[in-house]
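Written out below as structure tokens is the structure these notes cover.
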Amino acid sequence: MSLFPTVAAFEAALASLSQPDQAARDAATARQGQLTKPPGSLGRLEEIAIFMAGWQGVERPRIARGRAIIFAGNHGVVARGVSAFPPEVTAQMVANFAAGGAAINALAAAAGLELAVVPLDLDRPTADFTTGPAMSEAECLAALSAGAEAVGDADLLVLGEMGIGNTTPAAALAAASFGGAADLWVGPGTGVDALGLQRKAAVVAEGLALHRDHLTSAFEILRRLGGREIAAMAGAVVAARTKRISVVLDGFIGTAAVAPLAMADPAITAHCLAGHCSAEPGHSLLLARLGLEPILSLTMRLGEGSGAAVAVQVIRSALAAHDGMATFAEAGVANA
């Protein structure tokens with residue numbers, strides 16, 4: 001059964017966001033104050049531990065079922081020359097994921113994450129959004145539901161994507177959600193040259209102009225300018241919020257999937273951590289608009305959830321210190 005059978009069902013879920021457990025946050029904060037260290041000396045690690053406590057609803061959170069989900073989709077707008085790679089690479093990389101040969105396979109394993117790959121109609125690309133909506137209502141709802149259904153019972157979720165050309169719809173989503181000219185948001189993606197950047201900006205500007213009068217809701221922005229894998233990530237973010245599961249966002253595309261949701265309700269990012277800031281120029285701007293501070297900045301630009309997976313190791317370190325350190329009383333250390 002589809003989790004979002006109608007647009008109204010999706011909008012209702014987006015309008016009824018769960019909240020963190022304040023009692024658990026308070027208990028975690030109190031514990032941090034009793035651990036054998038000067039207050040605040042672990043910096044962001046302390047904040048991450050308290051964040052996780054609130055969403056897991058326990059004083060001492062753990063990651064027992066970390067899950068990375070990679071959604072894959074193809075884009076009709078690739079025909080406009082916006083990518084350095086052909087669209088068949090999407091399916092080839094999905095096969096590489098299945099064979100265990102991609103970066104995300106190695107990085108998810110290193111971070112102790114279960115990995116799932118969800119291909120979405122790879123033989124049926126979305127429409128070119130410069131000529132009409134990228135998806136019909138039914139197609140967008142199906143993608144949102146596929147994302148929601150993939151979440152499962154994880155206690156931490158990493159979201160990633162694979163889709164040749166998808167930095168172009170990501171730029172369009174960012175511009176539609178937060179404004180600004182197309183060239184503010186476009187970047188080299190997989191490595192297009194200066195002429196390629198000009199083509200991308202022109203394509204994004206065309207799409208924004210065509211759909212301008214209809215970009216009034218998160219759903220319409222996603223279906224008109226997005227892609228199946230992008231909508232799936234948006235659906236997963238909403239479903240994770242319903243289940244109070246923390247989400248680690250990856251790069252520009254994964255963050256752009258949240259932008260239309262944040263336009264509808266900025267509080268949607270309260271259960272999200274930004275895993276890293278990618279080398280894609282629009283990503284730092286998008287993170288700033290969403291009020292998210294990245295955990296890492298490693299000049300990565302691969303996608304696949306790769307940067308977010310690396311960030312999970314920092315999150316695990318934060319929880320290990322929070323759970324494993326002795327208190328002043330336990331250690332017999334004076335707390336002056």
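Every condition in (1) in contact with a Ser or Thr (Cβ under 7 Å, 6 or more places away or on another chain); (2) modelled with pLDDT of 95 or more; (3) open to solvent by 30 Å² or more (accessible area, probe 1.4 Å); (4) not aliphatic (A, V, I, L, M) holds for residue 76 except the one numbered (3).
For the stretch 229-267, name all the residues that are among the basic types (Lys, Arg) and open to solvent by 10 Å² or more (accessible area, probe 1.4 Å).
Of all residues in the stretch 229-267, those among the basic types (Lys, Arg) come to 241, 243-244.
Hits for the stretch 229-267 are 243, 244.
If the condition is being closer than 19 Å to residue 223 by Cβ and open to solvent by 10 Å² or more (accessible area, probe 1.4 Å), then the stretch 151-164 contributes only 161. With the condition kept exactly as written, say whether any residue in the stretch 17-39 is in contact (Cβ under 8 Å) with a residue 24 or more places away in the chain, more than 24 Å from residue 334 (Cα to Cα) and small (Gly, Ala, Ser). Yes, the conditions are met somewhere in the stretch 17-39.
Residue check: is residue 320 open to solvent by 30 Å² or more (accessible area, probe 1.4 Å), within 15 Å of residue 46 (Cα to Cα) and assigned to a helix (DSSP H, G or I)? Here the answer is yes, as residue 320 does meet what is asked.
Quickly run through the stretch 234-285 and pick out the residues that are basic (Lys, Arg) and either assigned to a helix (DSSP H, G or I) or over 26 Å from residue 62 (Cβ atoms) (or both).
Our first condition is that a residue be basic (Lys, Arg); within the stretch 234-285, this holds for 241, 243-244.
Selection gives 241 alone.
Output the residues belonging to the stretch 286-309 that are assigned to a helix (DSSP H, G or I), touching a residue at least 60 places away in the same chain (Cβ under 8 Å) and buried (at least 23 other Cβ atoms within 10 Å of the Cβ). So that I can check it myself, show each step before the final result.
Taking the stretch 286-309 and keeping what is assigned to a helix (DSSP H, G or I), we get 286-290, 306-309.
Remaining after also requiring touching a residue at least 60 places away in the same chain (Cβ under 8 Å): 286, 289, 306, 308-309.
Within the stretch 286-309, 286, 306, 308, 309 meet the criteria.
In summary, helices (runs of 4 or more DSSP H) completely within the stretch 1-119 and bearing 3 or more residues that are under 21 Å from residue 156 (Cα atoms) occur at 22-34, 44-56, 103-110.
The values are calculated or read from the model by the stated rules, or taken from the named source; none is laboratory data. The shown structure was predicted, so the numbers you read here are calculated from the model rather than taken from an experiment. Neighbour counts run over all protein chains shown; Cβ positions are idealised from the backbone, glycine included. Just the protein is used for accessible areas: all its heavy atoms, side chains included, with ligands, DNA and RNA removed. Shrake-Rupley method; radii C 1.70, N 1.55, O 1.52, S 1.80 Å.
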